Structures are given as C-alpha cells and as structure tokens.
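What follows draws every value from the coordinates through simple rules; no lab data is involved. These figures come from a predicted structure and were not determined experimentally. All Cβ positions, even for glycine, are placed from backbone atoms using ideal geometry, and neighbour counts span all protein chains on display.
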Amino acid sequence: MSVHEAIEQLESTEVPALAEHLDLPVSTTYDYVRSLREAGFVVRDGTEYRLSLRHLHIGNRIKYRMQLFRAIEPELETLASQTGQMAVLQVEENGYAVILHLEQGPESLELGVYPGIHVPLHTSAPGKSILAHLPRDRLDRILESSELAPSTDHSITDRDELLDVLADLREKGYCVDWDEQIQGMGTIGVPLRSAMDDPIAVGLAGPSSWIRNHEEHGLVEKVRQAAHNASMRDESSRRHI
C-alpha cells in the first residue's frame, strides 16, 4: 500500500499512526508526507494530515483533455434526461472499471458512486462490456488477479459462467444485469466504438425493479444510440485534427 492510499484509507492521520499503519519507521513516513505536502497533494490540519483537493483538480483536468469525454458528455446528458436514471461512461484501468463521468437523471437513486470510483469489472453490465472486448491474455490476467470476488450475493463468481456471459455479450452487443454490483441496482452496458485502443462502455444504472418493469429492448436501444452518437462525434472530431 502506498502512502497516498494509506492516508486516503485513514482519511486524516498523524504521522506515527500512519507509520504504524504502513509498518514503516516514523522518520521515513514523515519524509514521504513532507514531500507530498510540498507537492500540494497533502494538507496539514493541526497535527494531522489528509489528502488535498489537488487530486480532484488533476483528475478533472485529465478528463476534460480527453477528446472521447467531450464526445460522450452530451450523449450521457441526453440519456439521463430521456430515462430519468444515471448514465455513465466507464473505462478500464489497472484491472478495474473506472467511472470517468456520470450524469444524474431526475429519478436517479443515490447509489454512492462518483467519477473516479474503481469497481470490479465483472460486477456490472458496463464492466462486462469492457471485459468482453479485451484481448484474451489481458482478460485472463484481470480475472486471475480479481479472483472474481463478489460485491453482492448476485455477483458472478464462476469463471466459466462469466465467460459464457461475455460470449453472449459479444454476439448481442449489449449486457443487462441486476443486483450484481449494488443490491437493488440494475445496469445496462454497451461497448463504445472509438479510435482509442482500449475498450470503453456506456452504461445506464437504475433500480432493478424499474429496469425489469420497463421494456428492456427500448432501454437498450437508448444506450446503444448514445454510444453510437458518441462514436460518430469522436471519429468526426479526430478527422478534423
């Protein structure tokens, strides 16, 4: 665990407690914390230290520099407005699904998710949409490292079952699941074609009962349309660079 991760986990901490948490000498830990503070990544509050908002600034700057984000943002806004639910853009990083951006619809649940959160790829439809289009060797490495740890009782934990779901997803071009990442939440995921090398996905998240009770095909088509429109925007903008 890095010093960054430990401070995040502890939220606010004094150096001796941080050193104990990391099993490092206090003097070494202090040097690390001082370097982070001088770089603006840690702030001091009395005798305790916490992460600064510089991380938020850098994350947002990276996001807004991404051409893909600029292409998908208006489509996510439209999708959230049309459905009333939460529309998300997910990318893969270090074997996890990262929510790069989300738009809340007027009927969205408060699900405790936010841009930048890392979640297991195999526990949601957008994450599975990414997994389904990774090179096989990379897919195998991610599945081995994650060990398919469950997020809920409904999460897929069997490798063969997951591979069958991914094969079906490649054939249909979308995925729908319920209660696998958060109990009571259903998700729809569609892979997004892009000039980027790595697969990404557009998703819609809402109450499981709401997704079940609405016409699945109609919802899927709305998510597909958002992904298609974003892909066209992305390709068009790249041709004019």
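Using the basic label-point model (7 angstrom from Cα toward the beta carbon), what is the Asp23 to Arg37 distance in nanometres?
My value for the distance between the label points is 2.7 nm.
Can you give the translational diffusion coefficient of the range 131-194 in µm²/s, computed by Stokes-Einstein from the Kirkwood radius over Cα pairs at 4 °C and 1.567 mPa s? Walk me through the intermediate numbers first.
Details: Rh = 12.6 Å.
For these conditions, the coefficient is 103 µm²/s.
When the gyration tensor of the range 3-52 is built from Cα positions, what are the square roots of 5 times its three eigenvalues, in whole Å, from largest to smallest? It would help to have the intermediate numbers written out before the result.
Values: eigenvalues 42, 26, 18 Å².
Listed largest to smallest, the semi-axes of the range 3-52 are 14, 12, 10 Å.
Would you mind working out the magnitude of the charge dipole of the chain relative to its Cα centre, with +1 at each Lys and Arg C-beta and -1 at each Asp and Glu C-beta, to the nearest 20 Debye?
Values: 23 positive and 39 negative charges, 243 e Å.
Computed charge dipole of the chain: roughly 1160 debye.
Please sort by residue number the GluC sites (Glu not before Pro) in the range 75-135 whose DSSP state is loop and whose Cβ has at most 13 other Cβ atoms within 10 Å.
Values: sites: Glu75, Glu77, Glu92, Glu93, Glu103, Glu107, Glu110; in loops: Glu107, Glu110.
The qualifying sites are Glu107, Glu110.
Over the C-alpha atoms of the range 72-165, what are the Rg and the largest Cα-to-Cα span, Dmax, in Å?
Spelled out, the Cα radius of gyration and Dmax of the range 72-165 are 14.2, 41 Å.
Loop-only check: which GluC sites (Glu not before Pro) in the range 134-165 are DSSP coil with at most 14 other Cβ within 10 angstrom?
Numbers: sites: Glu144, Glu147, Glu161; in loops: Glu147.
Sites meeting the loop and neighbour criteria: Glu147.
Over all distinct Cα pairs, what is the inverse of the mean 1/r for the chain, reported as the Kirkwood hydrodynamic radius in Å? Intermediate results must be reported in sequence, preceding the final value.
On the way: mean 1/r = 0.0516 Å⁻¹.
Taking the inverse mean of 1/r over all distinct Cα pairs, the chain comes out at 19.4 Å.
Just flag the trypsin sites (Lys or Arg not before Pro) in the range 116-223 sitting in loop per DSSP whose Cβ has no more than 16 other Cβ atoms within 10 Å. Please list the in-between numbers first.
Numbers: sites: Lys128, Arg136, Arg138, Arg141, Arg159, Arg170, Lys172, Arg193, Arg212, Lys222; in loops: Arg193.
Within the range 116-223, the qualifying trypsin sites (Lys or Arg not before Pro) (loop, at most 16 other Cβ atoms within 10 Å) are Arg193.
If you line up the Cα atoms of the range 121-231 on their principal axes, what length do they span on each, largest first, in Å?
Over the range 121-231, Cα extents along the principal axes are 36, 35, 19 Å.
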